[in-house]
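Take a look at the structure set out below.
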Amino acid sequence: MTVQPLPAAERVAVPWKNGGGVTREIAAWPPGADMGDFVWRVSLAEVDADGPFSAFAEVDRILTMVEGEGMDLTVGGERRRVDTRYAPQGFPGDLPTDCRLLGGPVVNLNVMWRRGGEAAPAVTITHFRPPLALPADPAVLVVVLDGTAELSGLTLGRYDAALLTDEDAVLHATGRIAVIGLVSRD
């Protein structure tokens, strides 16, 4: 089994493609991919002010607000209110998207992937205490959103993550966890 720890403390804040905020990459495929050539990418984005989101050609995204009061988004001319934490919202990443904050800064878990080929990642937010069996076919990314978790002897705190590949594992958690089923393609 392969469990790759991805500690929150080691992430670097990088300005958004359009300069309107910062993101902290959790993981991307292929390893070392930049903003122009990833197959999939998972990050935490800090939105501190109203303004446009960066556009990504041929990319879809799932955004999950994990901190803050919310956002009023306009995606391709249609309004979408995002004011419930831990509720994944999917939309095309290449449509013009503008954001108005509802009550101060927010933090979003952001999952992006290129269209075509493989299926989209599945994002599940769960709040539980009992163990959860995780299939790693082909890969699962676990991100702790609050509380703590333990996976294959690895203890994870808030915003820590682990990439699980090759074999199944059991996750023990005390708070909300994002479980993201990923596809790695050559």
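The values are calculated or read from the model by the stated rules, or taken from the named source; none is laboratory data. Worth saying up front: this structure is predicted, and the values here are computed from it rather than measured. As a convention, Cβ positions derive from the backbone with ideal geometry for all residues, glycine included, and neighbour counts pool all protein chains shown.
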Please indicate, with yes or no, whether at least one residue in region 45-57 is touching an Asp or Glu at 6+ places or on another chain (Cβ under 7 Å), exposed (fewer than 14 other Cβ atoms within 10 Å of the Cβ) and hydrophobic (A, V, I, L, M, F, W, C).
-> yes
Spans of strands (runs of 3 or more DSSP E) in region 1-86 with at least 1 residues closer than 18 Å to ARG100 by Cβ and not assigned by TED's automatic domain parsing to the domain that holds GLY147 | 40-47, 59-67, 71-75, 78-82
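In the same structural domain as GLY21 (by TED's automatic domain parsing), surrounded by 14 or more Cβ atoms within 10 Å (Cβ to Cβ) and modelled with pLDDT under 95, is that true of ALA136?
Numbers: in the same structural domain as GLY21 (by TED's automatic domain parsing): no; surrounded by 14 or more Cβ atoms within 10 Å (Cβ to Cβ): yes; modelled with pLDDT under 95: yes.
Judged against the criteria, ALA136 is not a match.
What are the residues in region 123-133 that are surrounded by fewer than 19 Cβ atoms within 10 Å (Cβ to Cβ) and modelled with pLDDT of 85 or more, if any? Show your work before the answer.
Let us first name the residues in region 123-133 that are surrounded by fewer than 19 Cβ atoms within 10 Å (Cβ to Cβ), namely 124-133.
THR124, ILE125 - these are the residues of region 123-133 that are surrounded by fewer than 19 Cβ atoms within 10 Å (Cβ to Cβ) and modelled with pLDDT of 85 or more.
Select, from ASP160, ASP168, ASP98, ASP146, the only residue that is of a type in the set (D, E, K, R) and at pLDDT below 90.
Numbers: ASP160 fails: at pLDDT below 90; ASP98 fails: at pLDDT below 90; ASP146 fails: at pLDDT below 90.
Among ASP160, ASP168, ASP98, ASP146, only ASP168 is of a type in the set (D, E, K, R) and at pLDDT below 90.
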Tell me which residues, restricted to region 157-180, are over 17 Å from TYR86 (Cβ atoms) and assigned to a strand (DSSP E or B).
-> ALA162, LEU163, LEU164, THR165, ALA169, VAL170, HIS172
Out of the residues in region 14-67 that are among the hydroxyl-bearing types (Ser, Thr, Tyr) and at pLDDT 95 or above, which is farthest from ALA161 (Cα to Cα)?
-> THR64
